[in-house]
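Down below is the structure, laid out as structure tokens.
The values are calculated or read from the model by the stated rules, or taken from the named source; none is laboratory data. Please read all numbers here as calculations on a predicted model, not as lab measurements. Heads up, the Cβs are rebuilt from the backbone with ideal geometry, glycines too, and the neighbour counts pull from every protein chain shown.
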Protein chains: 2
Amino acid sequence: MPELRKDPVIGRWVIIASERSKRPTDFEIKDEAPANNKNCPFCAGREGQTPPEILAYRHATVPNTPGWTLRVVPNKFPALQIEGNIDRVGEGMFDKMNGVGAHEVVIETPEHCRNLTPLSSKSVEDVIWAYRDRMMDLKKDRRLRYVLIFKNKGADAGASLEHTHSQLIALPIVPKRVAEEIMGSKEYYSFKERCVFCDIIRQELSEGRRMVAENSDFVVVSPYAPKGPFEMYVLPKNHLACFEDLQKHEVENFGKILHLLLRKLEKALNDPPYNYLLHTAPFHQELPHYHWHLEVMPKLVRVAGFEWGSGFYINPTTPEDAAKFLREIEVT
Amino acid sequence: MPELRKDPVIGRWVIIASERSKRPTDFEIKDEAPANNKNCPFCAGREGQTPPEILAYRHATVPNTPGWTLRVVPNKFPALQIEGNIDRVGEGMFDKMNGVGAHEVVIETPEHCRNLTPLSSKSVEDVIWAYRDRMMDLKKDRRLRYVLIFKNKGADAGASLEHTHSQLIALPIVPKRVAEEIMGSKEYYSFKERCVFCDIIRQELSEGRRMVAENSDFVVVSPYAPKGPFEMYVLPKNHLACFEDLQKHEVENFGKILHLLLRKLEKALNDPPYNYLLHTAPFHQELPHYHWHLEVMPKLVRVAGFEWGSGFYINPTTPEDAAKFLREIEVT
């Protein structure tokens with residue numbers, strides 16, 4: 001059983017997933033040769049190579065056979081497991097709990113391709129629907145407090161398989177970075193009686209220098225204090241704490257603008273590895289001051305361990321330059 | 001002039017160092033071919049290839065000529081600059097200040113070698129003295145609030161030159177992660193009326209499962225909730241907030257135990273890339289609840305952007321396994 005352990009100084013929880021352990025001498029940083037379409041377990045026709053599907057968008061066909069356009073399956077090497085009780089206990093001064101949760105993979109298309117970019121905007125929209133469907137389902141499990149949805153694209157961004165996919169991890173705790181955003185936006189709300197994200201959108205729309213794209217429901221901006229080159233935020237114009245509460249037209253416009261942003265990044269930065277993360281409110285909390293959004297971070301510079309340990313970032317590219325560059329990139 | 005900018009939601013400051021900027025198309029993740037000893041600017045005899053030295057431990061020789069055992073020079077591509085006023089100002093809702101500070105390089109030996117491990121414990125001790133000397137000097141500059149001392153060893157850990165060296169960045173703000181430790185240890189101190197780090201040392205010494213090494217002044221432990229495989233803390237037994245206040249025998253024992261830890265890691269993990277970071281109290285603050293220490297993180301797994309954005313870590317190696325493995329490694 002994996003364990004969740006709490007850092008006694010700063011309160012960050014980590015997952016100790018020793019079932020995934022390697023022998024100490026087995027660590028080696030290398031570019032994994034990702035499965036190509038000859039042996040990819042995510043391609044149509046190889047449904048038997050993944051655990052049975054949890055969700056699929058498919059034509060009238062039998063589960064775990066071809067005929068699907070999108071599948072969600074459990075991660076074959078899950079960081080958390082769904083069975084069991086949380087059992088919070090102490091170990092002397094330390095705190096831990098059982099690693100109860102879920103770890104799922106969203107296979108975004110039956111064809112072997114390496115990014116969301118070659119798909120239609122409609123297919124990207126379906127990925128958003130899948131995120132929402134899974135979140136609504138996992139919300140029913142009262143042991144869970146948060147679902148973290150993310151994508152690792154490319155080996156340098158942590159992907160171990162090439163076929164385009166995203167992941168979700170459902171947790172019995174709220175990740176530290178999300179908790180910080182909730183606390184920070186609450187402080188701003190107390191002080192200003194306005195949402196900090198709404199204020200950001202207003203200022204970015206009026207200034208324009210960090211704007212990358214806009215449609216009727218969303219803006220894409222390069223944040224004022226980005227952690228690294230070409231970090232991008234996709235912000236919904238409508239003030240809403242929970243991603244899963246969005247309207248149908250918002251799902252459509254989210255799919256469209258995310259698709260546009262990823263195509264611009266691909267063209268501008270020569271198909272970079274990247275991560276994206278969806279930040280939304282934890283389950284079963286009323287947070288009038290919070291505002292869900294998506295953060296995209298192309299992986300262009302390698303420095304990492306140092307930033308992990310210090311919370312301190314040096315960024316060689318201004319967000320104004322990054323935004324201007326992406327604004328001017330034409331994609332078809 | 002570099003700029004410091006503040007994230008309006010979570011309050012993290014970042015350095016926007018656009019003087020170091022590359023064209024957007026110039027980013028490429030690769031293993032830099034580090035300078036070998038044929039053209040290394042840090043080797044004895046090539047003093048003219050670095051900016052003039054700020055500090056050197058040398059025999060009775062002329063500055064910026066051979067005869068030294070350790071040199072400190074300004075970083076040739078500094079993230080911050082020492083001249084100018086801080087000038088905190090707003091940009092609408094956002095906050096920024098001038099990137100005033102210092103960015104220095106500690107060249108740890110005149111010979112071309114890739115790690116601290118082949119040096120004598122006495123040379124490692126001199127590295128500690130150099131950290132302290134620079135910190136005492138920079139403390140006089142009332143614009144500065146923090147000096148972050150760190151080492152990137154190996155290209156995968158962010159080093160751009162092979163010759164063993166560490167760096168320091170002097171800042172007009174306190175890095176977020178340090179601020180979190182100060183706040184967390186203060187809360188613990190309020191609740192327990194004891195130092196959280198002292199309690200950790202007591203529990204680790206009595207349990208033994210996460211202990212790696214010990215001498216009369218220091219312990220090396222694998223922390224209870226490590227961010228990644230083989231993360232290690234070097235903790236002084238003496239409760240002290242400021243690194244620079246340590247006694248001579250502590251400098252000696254710090255050098256000895258750091259040298260031992262690095263040799264164990266090198267042998268156990270096949271000469272891994274790693275980062276270390278010194279966490280100490282900010283300048284000119286009385287923090288009776290804080291306890292300085294060093295954190296070492298071998299870079300064994302690549303996942304990074306995701307952890308950056310979520311504050312959420314999955315670690316496949318228990319600290320008990322890592323500690324046992326390192327305890328049993330014999331080094332000469």
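Limited to the range A:221-231, what total is found for residues that are of a type in the set (A, V, I, L, M) and either at the interface with chain B (Cβ under 9 Å from one of its Cβ atoms) or surrounded by fewer than 17 Cβ atoms within 10 Å (Cβ to Cβ) (or both)?
Final tally of qualifying residues: 1.
Run residue A:227 past the list (1) over 23 Å from residue B:97 (Cβ atoms); (2) assigned to a loop (DSSP other than H, G, I, E, B) and report the number of the one that doesn't hold.
(1)
Within the range B:190-224, track down each residue that is in a strand (DSSP E or B) and over 24 Å from residue A:4 (Cβ atoms).
Across the range B:190-224, the qualifying residues are B:213, B:214, B:218, B:219, B:220.
Assess whether residue B:150 counts as being outside any helix (DSSP H, G or I), out of contact with any Pro (no Cβ under 8 Å at 6 or more places or on another chain) and surrounded by fewer than 23 Cβ atoms within 10 Å (Cβ to Cβ).
Yes; evaluated as a whole, the condition is true for this residue.
Quick check: is even one residue across the range A:107-125 closer than 15 Å to residue A:277 by Cβ and not hydrophobic (A, V, I, L, M, F, W, C)?
no
Is it true that some residue in the range A:188-208 is crowded, with 17+ Cβ neighbours inside 10 Å and closer than 30 Å to residue A:75 by Cα?
No, the range A:188-208 contains no residue that is crowded, with 17+ Cβ neighbours inside 10 Å and closer than 30 Å to residue A:75 by Cα.
Residues A:306, A:283: which one is aromatic (Phe, Trp, Tyr) and surrounded by fewer than 21 Cβ atoms within 10 Å (Cβ to Cβ)?
A:283
For the range A:55-93, which positions are hydrophobic (A, V, I, L, M, F, W, C), in contact (Cβ under 8 Å) with a residue 60 or more places away in the chain and closer than 30 Å to residue A:122 by Cα?
Within the range A:55-93, A:55, A:70, A:72 qualify.
Give all pairs with beta carbons closer than 8 Å in which a residue from the range B:264-289 that is closer than 19 Å to residue B:161 by Cβ meets a residue that is aliphatic (A, V, I, L, M) and in a loop (DSSP other than H, G, I, E, B); count only pairs at least 6 apart in sequence or on separate chains.
B:272/B:300; B:273/A:29; B:273/B:159
If I ask for residues that are in a loop (DSSP other than H, G, I, E, B) and of a type in the set (A, V, I, L, M), which ones from the range B:230-242 would you list?
B:240, B:241
If I ask for residues that are farther than 20 Å from residue A:233 by Cα and of a type in the set (Gly, Ala, Ser), which ones from the range A:184-205 would you list?
A:190
What pairs come out if I take residues in the range A:180-209 that are in contact (Cβ under 8 Å) with a residue 24 or more places away in the chain and pair them with residues that are among the basic types (Lys, Arg) and surrounded by 15 or more Cβ atoms within 10 Å (Cβ to Cβ) whose C-beta lies under 8 Å away, six or more apart or interchain?
A:201/A:237; A:209/A:324
Tally up the residues in the range B:155-208 that are at the interface with chain A (Cβ under 10 Å from one of its Cβ atoms) and not aliphatic (A, V, I, L, M), please.
Final tally of qualifying residues: 22.
Do we find a residue being within 17 Å of the chain's Cα centre (by Cα) and either more than 21 Å from residue B:309 (Cβ to Cβ) or of a type in the set (Asp, Glu) (or both) anywhere in the range A:212-223?
No, the conditions are met nowhere in the range A:212-223.
Looking only at the range A:109-132, count every residue that is under 17 Å from residue A:169 (Cβ atoms) and in contact with a helix residue (DSSP H, G or I) (Cβ under 9 Å, 6 or more places away or on another chain) and tell me the total.
Residues flagged as under 17 Å from residue A:169 (Cβ atoms) and in contact with a helix residue (DSSP H, G or I) (Cβ under 9 Å, 6 or more places away or on another chain) within the range A:109-132 amount to 3.
Return yes or no: is residue A:259 away from chain B (no Cβ under 14 Å), of a type outside the set (A, V, I, L, M, F, W, C), out of contact with any Lys or Arg (no Cβ under 9 Å at 6 or more places or on another chain) and buried (at least 20 other Cβ atoms within 10 Å of the Cβ)?
Answer is yes for this residue.
Starting from the range A:307-321, keep only residues that are facing chain B (nearest Cβ under 7 Å) and at positive phi, then list their pairs with residues that are surrounded by fewer than 22 Cβ atoms within 10 Å (Cβ to Cβ) and basic (Lys, Arg) whose Cβ atoms are within a distance under 6 Å, requiring at least 6 positions of separation or different chains.
Here the result reads A:311/B:176; A:311/B:177, each pair linking the range A:307-321 to a residue that is surrounded by fewer than 22 Cβ atoms within 10 Å (Cβ to Cβ) and basic (Lys, Arg).
Given the criteria over 21 Å from residue B:119 (Cβ atoms) and outside the structural domain of residue B:204 (by TED's automatic domain parsing), does residue B:280 qualify?
It is true that residue B:280 is over 21 Å from residue B:119 (Cβ atoms) and outside the structural domain of residue B:204 (by TED's automatic domain parsing).
Checking residue A:218 against (1) surrounded by fewer than 22 Cβ atoms within 10 Å (Cβ to Cβ); (2) away from chain B (no Cβ under 14 Å); (3) free of Cβ contacts under 8 Å to residues at least 40 places away in the same chain, which single condition isn't satisfied?
The number of the failed condition is (1).
Given the residues B:270, B:275, which is the only one that is closer than 24 Å to residue B:178 by Cβ and either surrounded by fewer than 23 Cβ atoms within 10 Å (Cβ to Cβ) or under 17 Å from the mean Cα position of the chain (by Cα) (or both)?
Unique residue meeting the criteria: B:275.
Looking at the range B:33-120, what strands (runs of 3 or more DSSP E) fall wholly within it and have at least 1 residues that are buried (at least 17 other Cβ atoms within 10 Å of the Cβ)?
In the range B:33-120, the matching strands (runs of 3 or more DSSP E) lie at B:55-58, B:68-74, B:94-98, B:102-107.
Can you tell which of A:323, A:281 is over 23 Å from residue A:159 (Cβ atoms) and under 17 Å from the mean Cα position of the chain (by Cα)?
Only one candidate qualifies: A:281.
Answer with yes or no whether residue B:173 is under 21 Å from residue B:74 (Cβ atoms) and assigned to a strand (DSSP E or B).
no
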